[in-house]
Amino acid sequence: MGVTLDLVVLVLFPLIGIAVVAWVADLSDRRVAAWPPPERDWADPDLLTGEQLGLLANGETRAVEAAVARLRVAGAVRYDPAAVALVPTGEPLPEATDLSTAVLIAAADRVPVAELRAEPGVQAALAELRDGLGDAWYKVDMPPRHFVVVGLPVIGYGLAGLGWALIAPFRWYTDVPMYLMAGIAIILGLAGLVRPDTVPLPAARAVDRARKRHDDLHPRRKPALTTYGPAAAATAVGLFGLGALQSVDPGLAVLSFRSDVEPEEDDDPDDRFVVGCASVNAG
């Protein structure tokens, strides 16, 4: 190789490399957006209760709030603002869940709403709820082969740069920079083989689809939850928070169910849900 050609390649290599990396970044986004294909998306929100959706959307406290909404709209409890607690009414609870039953039992002891989640019976029901869903909701279900092709073009480009630099004769002022840039390209390519954090988790997909499907339950639409029924009320609060109860019980709708001292969790669903869920948390 002549010195002039080496210098030309040395200048062109990073410029073309930038274009390759930009193309690969776009390819990465398109691969993420294409996952999952419809036939591979098992995260069906219609198979989930309001309490389960609340757990997936915003953790255990939201699941408890969804259970309270089920109880309140069913008329099984009323809210006592003086005690900041729920009071059982003795009315039957149709479409009960294990969690709503546990909350109803705790309400019989006039437990303040901020302490409901810490009740042993409620904790046991939450553990069963979490175990029933399983960890698969919080794990990326994209197979590696779906994404591995993203890093290969950059790795190939870096190897081509190394091959060029290895052609004799050696010139430190052209080959050493080429080695460095080719090495960087290979490292970027290897990093590109790893699935990005923007891959939506099954939990995120299910909650996002449920929120779109049940937009009529959003607080801004002032849903008539007493007409929709207890199950719909649990879904509304599980997806959108206690504000959905504004038309049913304004006092209850503005409460915080979070205690100053939250019970410890071995594996907090909120932490596992953060990755890839930014779009879901809107709304």
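The values are calculated or read from the model by the stated rules, or taken from the named source; none is laboratory data. Computed from a prediction, not measured in an experiment: that's the story for all the values here. Methodologically, a virtual Cβ is constructed for each residue, glycine included, from the backbone with ideal geometry; neighbour enumeration extends over all protein chains shown. These accessible areas exclude ligands, DNA and RNA; they are computed on the full protein's heavy atoms, side chains included. Shrake-Rupley method; radii C 1.70, N 1.55, O 1.52, S 1.80 Å.
Name the residue, out of 96, 57, 82, whose mean-square fluctuation peaks in a Gaussian network model built on the chain with Cα pairs under 10 Å.
It is 82.
Got the relative contact order for the chain handy, in percent, Cα pairs under 8 Å and 6 or more residues apart?
RCO, the chain: 28 percent.
Take the alpha carbon atoms of the stretch 180-196, find their center, do the same for the stretch 91-119, and report the distance between the two centers in whole angstrom.
Using only Cα atoms to place each centre, the spacing works out to 53 Å.
Figure the gain on full extension for residue 166 and residue 127 (residue separation times 0.36 nm, minus the Cα-Cα span) and round it to one decimal in nm.
Extending this stretch completely gives an extra 8.0 nm.
Just the number, please: carbon plus sulfur as a percent of the accessible area of the chain, 1.4 Å probe, no ligands or DNA/RNA counted.
Answer for the chain: carbon and sulfur cover 61 percent of the accessible area.
Of the residues 98, 131, 197, which exhibits the maximal mean-square fluctuation in a Gaussian network model of the chain defined by a 10 Å Cα contact cut-off?
Maximum among the listed residues: 131.
Taking only DSSP H segments of four or more residues, each worth -39500 (n - 2.57), what value at 222 nm results for the chain once the sum is divided by all its residues, to the nearest 500 deg cm²/dmol?
-17000 deg cm²/dmol
So if I average 1/r over every pair of distinct C-alpha atoms in the stretch 1-51 and take the inverse, what Kirkwood radius in Å does that give?
Mean inverse Cα-Cα distance, inverted, gives 15.1 Å.
Along the principal axes of its C-alpha atoms, what lengths does the stretch 16-79 span, in descending order and rounded to whole Å?
68, 26, 14
Among 35, 23, 137, which one shows the highest mean-square fluctuation when the chain is modelled as a Gaussian network with alpha-carbon springs under 10 Å?
23
Taking θ as phi - 60°, what are the ³J(HN,Hα) couplings along the stretch 236-249 by the Karplus curve (6.51, -1.76, 1.60), each to the nearest whole Hz, with x for Gly and Pro?
For the stretch 236-249, the Karplus-derived couplings read 4, 6, x, 8, 10, x, 5, x, 5, 8, 4, 7, 9, 8 Hz, x marking Gly and Pro.
If only Cα atoms are counted, what is the Rg of the stretch 1-140, and what is its Dmax, in Å?
Reported Rg and Dmax, both Å: 26.9, 93.
Could I have the simple spin-label model distance between residue 254 and residue 89, label points 7 Å from Cα toward Cβ, reported in nm to one decimal?
2.2
Could you provide, to the nearest whole Å², the per residue accessible area of the stretch 1-154 with probe 1.4 Å?
Per residue, the stretch 1-154 has an accessible area of 46 Å².
For residue 213 and residue 179, calculate 0.36 nm times their separation in residues minus their Cα-Cα distance, and state this gained length in nm to one decimal.
Taking residue 213 through residue 179 to full extension adds about 6.9 nm, to one decimal.
Can you compute the radius of gyration and Dmax for the chain, using only the Cα atoms, both in Å?
Rg then Dmax for the chain, in Å: 27.1, 93.
How far is helix 202-213 tilted off the main Cα axis of the chain, in degrees rounded to 10, range 0 to 90?
Once rounded, the angle reads 60 degrees.
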